[in-house]
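The values are calculated or read from the model by the stated rules, or taken from the named source; none is laboratory data. It should be emphasised that the depicted structure is a prediction, and the values quoted were computed from it without experimental measurement. Every residue, glycine as well, gets a Cβ built from its backbone with ideal geometry; the counts of neighbours run over all protein chains shown. Protein only, heavy atoms only, side chains kept; ligands, DNA and RNA dropped before computing areas. Shrake-Rupley method; radii C 1.70, N 1.55, O 1.52, S 1.80 Å.
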Amino acid sequence: MINTGSPRSVSGHAVSGAILALMVSGAYQYAKLKDGQTTQDEAIKSTLKATFEGAAVGACAIAAANVIGNPNKSTTSKIVETGAYIAIGTAFVYGMQNAFKPKACKTLQNQQKRLNNDQQ
């Protein structure tokens with residue numbers, strides 16, 4: 001048996017995952033915005049998407065770890081439940097990636113047009 005410690009709060013780790021993703025993605029998107037690589041709308045959408053993904057991944061990871069460390073469950077039950085949590089987290093991230101596909105950045109398109117015009 002793998003001792004993962006006492007069960008942890010799934011909702012608490014969802015909040016932690018969301019905050020961490022918000023900070024990292026927000027900083028990354030801000031840097032891209034300052035460099036003119038993205039628009040403000042796209043930066044906000046990307047940051048929000050990453051925040052929701054971070055919450056889902058954090059919650060599902062902790063839920064899976066709680067199942068693995070539960071001594072009252074059989075090995076088969078642990079495998080099935082852990083697989084289910086991993087599948088849920090994966091499906092959520094996949095859904096978020098496909099639901100909010102970024103559109104081509106207008107700033108980048110304009111820069112590419114200018115470069116093409118300058119080269120001609």
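At a glance:
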item	result
Cβ-Cβ under 6 Å pairs, at least 6 apart or on other chains, region 65-80 side in contact (Cβ under 8 Å) with a residue 24 or more places away in the chain, far side exposed (fewer than 12 other Cβ atoms within 10 Å of the Cβ)	68/2
Qualifying position, being modelled with pLDDT under 95 and among the β-branched types (Val, Ile, Thr), among 57, 24, 10	10
Residue match in region 94-107 (condition: open to solvent by less than 90 Å² (accessible area, probe 1.4 Å) and among the aromatic types (Phe, Trp, Tyr))	no
Count of region 2-47 residues which are open to solvent by 80 Å² or more (accessible area, probe 1.4 Å) and hydrophobic (A, V, I, L, M, F, W, C)	8
Filter pass, residue 82 being in a helix (DSSP H, G or I), open to solvent by 60 Å² or more (accessible area, probe 1.4 Å), at pLDDT 90 or above and among the polar types (S, T, N, Q)	no
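The rows are residues; the columns are (1) part of a helix (DSSP H, G or I); (2) on the phi > 0 side of the Ramachandran plot.
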position: 5; (1), (2): no, yes
position: 14; (1), (2): yes, no
position: 21; (1), (2): yes, no
position: 31; (1), (2): yes, no
position: 37; (1), (2): no, no
